[in-house]
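S.K.: Provided herewith is a single structure, encoded as structure tokens, for subsequent inquiry.
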Amino acid sequence: MRAGKVQMYTCGPTVYDYFHIGNARTFLVSDVVRRYLEFQGYQVKLVQNITDIDDKIINRANESGVDAKQLSQKYAAAYFEDSRHLGIRPADVHPRATEHVPEIIELLQTLIDKGAAYERGGDLYYRINRFPNYGKLSNRDVKDVRAGARVAVNERKEDPRDFDLWKMAKPGEPSWESPWGRGRPGWHIECSAMAMKHLGETLDIHAGGQDLQFPHHENEIAQSELATGKQFARYWLHVAFLRTGGKRMGKSEQNFILVRDALRDYAPEAIRHFLISAQYRHPLDFNDTSLKESSSAIRRLENCLIELRQYQEHHANTPVAEAERSEDEIALIESVDAMRREFNAAMNDDFNTAGAIGAIFKFVGNVNSFLAENHTHPSILVKTVLGNAYRKLTELCGVLGIYAQKSDARSDNALLIEHLMQLILEVRQEARNRKDWEISDKIRDSLKQLNIELKDSRSGTTWQQYDA
Ligand code: AMP
Ligand code: ZN
């Protein structure tokens, strides 16, 4: 790694459809890794490709009777729109395969010159036995690779394990001129050519979903390292699957939720919270309650931040002289430091976002207890402590992208709702004490109409707001 700089590449979407929250997990992890490294002072250059030519795109275009280019442009635009709404920052470069055909051809020519690629009737293939390290990333022996490679037996290949580099044009398909006739690039060569063009021959971090480790990333290594003689990527970051009902969320399983549909029902911060609630190498299970639970967590966080801010504003000029900090204040100051320490320790442990979220919410609990105990006699000293707590909390939430500063109007409304709900619950509790079940039920049912659900328990009543 060059001092202070990180060169990072993430395999991006194949733009033949809208992307789902499983794909989003991978893109979000890349976004959070980038934000955290920047937070640590690194200058990160992130490149994430757009695969805009591929069998899936051509097939979908043919099925729907549109031009492949039009189709890929539509879904690339949708990708940018949905990821913006999800708070995924755009990469520094989003190279498209169709705009890098000259670089791809140049790399193919190098592979041919080095004896690692060969042509058969307008198609090009990679000669796997020229690269003895093949399989090192996924710990496969090159001799066993055939079992995993989902290639139909192709008589043209010298060896069934060899993979496609360039495909000869078929009638009606998009194609480009090349020394081997008209054709189009394969998917693997696209990533090698674009990563090296924009980031140099050796990357610091290469990321993608777990399914890409083999064969896609093995093939990228084989192509790039044979061409340059240098290590292609120092660290590989493979994101485990988002699963539902025990199965990978995917287009073929028909069990997916599109990002744009999820965004209709849930705040982006809630979706992000859920998608990073497990460390990226662990599978994450999606079920009916996942996003609701994340929504409640985000509301708890927002309320805490609103309280912190309002507390300072409303009590700013209450000059209660205090010579020394109280024990509570000292404990809160220490818990700010503890949050920061625990957050960094978790993120330094292979980007453990679950631990980082844990540190944030533990602190939210501490702030809430502090505010509950210190309601009536705020001092100037308390104000400083709370101001610091607010800044640290928003800073760390910003690294994970789980808190976006809302407009004051919305924040004030949220606080007003909180106070009105306290009042309503108190009135209802009084009715229940009188055994006036009619009023008590009426309040509960009317709130339900407003998507607010009450839960009565021995320790009191809590409320939860659902998205309509
Ligand atoms: P695709 O558009 O199919 O090329 O996928 C884009 C990215 O999403 C790739 O890095 C995939 O590995 C990743 N991906 C696909 N399905 C899932 C899933 N269920 N969970 C996490 N990542 C996924
Ligand atoms: Zn790739």
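S.K.: Using 20 Å as the cut-off for backbone N distance, which residues of segment 218-242 belong to the label zone defined by a point 7 Å from the Cα of Lys136 along Cα→Cβ?
M.R.: Residues passing the 20 Å test: 218-238.
S.K.: Å³ per residue of the Cα convex hull, for the chain? Don't jump to the answer; show the numbers that get you there.
M.R.: Numbers: hull volume 82.8 nm³, N = 468.
For the chain, the hull spanned by Cα atoms encloses 177 Å³ per residue.
S.K.: What length, rounded to one decimal in nm, is gained on full extension from Asp211 through to Asp350, with 0.36 nm per residue of separation minus their alpha-carbon distance?
M.R.: Details: separation 139, 0.36 × 139 = 50.04 nm, distance 1.93 nm.
Extending this stretch completely gives an extra 48.1 nm.
S.K.: Hey, what angle do you get for helix 408-433 against the long axis of the chain, alpha-carbon based, 0 to 90 degrees rounded to 10?
M.R.: Rounded to the nearest ten degrees, it is 50.
S.K.: Find, among the trypsin sites (Lys or Arg not before Pro) in segment 426-456, those assigned to loop by DSSP (not H, G, I, E, B) with at most 12 other beta-carbon atoms within 10 angstrom.
M.R.: Values: sites: Arg428, Arg432, Arg434, Lys435, Lys442, Arg444, Lys448, Lys455; in loops: Arg434, Lys435.
Those satisfying the criteria are Arg434, Lys435.
S.K.: Between Arg84 and Tyr235, what is the FRET efficiency for a Förster distance of 41 Å, r being their Cβ-Cβ separation, to the nearest 0.05? Please report the intermediate quantities before stating the final value.
M.R.: Values: r = 27 Å, r/R0 = 0.67.
So the FRET efficiency works out to roughly 0.90.
S.K.: May I pose another question? For the chain, what is the percent of antiparallel DSSP beta bridges, rounded to the nearest 5? List each step's numbers first, then the result.
M.R.: Working: 20 of 41 bridges.
Antiparallel bridges: around 50 percent, rounded to the nearest 5.
S.K.: Relative to a virtual label point 7 Å from the Cα of Leu420 in the Cα→beta-carbon direction, which members of segment 432-451 show backbone nitrogen distances below 13 Å?
M.R.: Under 13 Å, as judged by backbone N against the label point of Leu420, lie 447, 450-451 of segment 432-451.
S.K.: Provide the gained length on full extension for the span Thr110 to Gln70, in nm with one decimal, where the gain is 0.36 nm per separating residue minus the Cα-Cα distance.
M.R.: On the way: separation 40, 0.36 × 40 = 14.40 nm, distance 3.21 nm.
Working it through step by step, the gained length comes to 11.2 nm.
S.K.: Under 8 Å for C-alpha pairs, at least 6 residues apart: give me the relative contact order for the chain, rounded to a whole percent.
M.R.: On the way: 653 pairs, mean separation 67.6, N = 468.
It comes to 14 percent, rounded to a whole number.
S.K.: Looking at the chain, identify the longest residue range that excludes and avoids all GluC sites (Glu not before Pro) in DSSP loops having at most 15 other Cβ atoms within 10 Å. Numbers along the way, then the final one.
M.R.: Details: sites that count: Glu155, Glu158, Glu177, Glu201, Glu253, Glu322, Glu324.
The reported range is 1-154.
S.K.: Right, next: Restricting attention to segment 36-143, which trypsin sites (Lys or Arg not before Pro) occupy a DSSP loop and are surrounded by at most 15 other Cβ atoms within 10 Å? The partial results should precede the final answer.
M.R.: Details: sites: Lys45, Lys56, Arg60, Lys69, Lys74, Arg84, Arg96, Lys114, Arg120, Arg127, Arg130, Lys136, Arg140, Lys143; in loops: Lys114, Arg127, Lys136, Arg140.
Sparse-neighbourhood loop trypsin sites (Lys or Arg not before Pro): Lys114, Lys136.
S.K.: While we're looking at this one, here's another question. When DSSP assigns beta bridges and you keep just the ones with both residues in segment 153-250, what percent turn out antiparallel, to the nearest 5?
M.R.: Details: 6 of 12 bridges.
Here the share of antiparallel DSSP bridges comes out near 50 percent.
S.K.: Now for a separate question. Figure the gain on full extension for Glu334 and Lys448 (residue separation times 0.36 nm, minus the Cα-Cα span) and round it to one decimal in nm.
M.R.: Details: separation 114, 0.36 × 114 = 41.04 nm, distance 4.09 nm.
That pair, Glu334 and Lys448, stretches by 37.0 nm at full extension.
S.K.: Could you grab the relative contact order for segment 415-468? Cα pairs under 8 Å, six or more apart, rounded to a whole percent. If you can, show how the numbers build up before the last one.
M.R.: On the way: 34 pairs, mean separation 11.0, N = 54.
Across segment 415-468, relative contact order equals 20 percent.
S.K.: Rounding to the nearest 10 and keeping the result within 0 to 90°, find how far the Cα-based axis of helix 101-113 lies from the longest principal axis of the chain.
M.R.: The angle comes out near 50 degrees.
S.K.: Of Lys292/Lys455; Lys5/Lys197; Lys45/Lys247; Lys136/Lys197, which sit over 26 Å apart, Cα to Cα?
M.R.: Working: Lys292/Lys455 15 Å; Lys5/Lys197 17 Å; Lys45/Lys247 34 Å; Lys136/Lys197 24 Å.
Result: Lys45/Lys247 exceed 26 Å.
S.K.: Also, quick follow-up: By how many degrees, 0 to 90 and rounded to 10, does the Cα axis of helix 218-228 deviate from the longest principal axis of the chain?
M.R.: 60 degrees
S.K.: Separate question: What is the set of long-range amide H partners of Thr244 at a cut-off below 5 Å, with H atoms built 1.01 Å from backbone N?
M.R.: Met249, Phe286
S.K.: Can you pull out the trypsin sites (Lys or Arg not before Pro) in segment 197-238 whose DSSP state is coil and whose Cβ has at most 15 other Cβ atoms within 10 Å? Walk me through the intermediate numbers first.
M.R.: On the way: sites: Lys197, Lys230, Arg234; in loops: Lys230.
For trypsin sites (Lys or Arg not before Pro) across segment 197-238 that sit outside H, G, I, E and B with at most 15 neighbouring Cβ atoms in 10 Å, the list reads Lys230.
S.K.: Counting each DSSP H run of 4 or more residues in the chain as -39500 (n - 2.57), what helix-only mean residue ellipticity at 222 nm follows after dividing by all residues, to the nearest 500 deg cm²/dmol?
M.R.: Details: 15 runs with 231 residues, N = 468.
-16000 deg cm²/dmol, from helical runs alone.
Read the figures in this text as sums done on the coordinates, not as results from a lab. From a predicted model like this one, the values you see are computed outputs, not experimental measurements. Every residue, glycine as well, gets a Cβ built from its backbone with ideal geometry; the counts of neighbours run over all protein chains shown.
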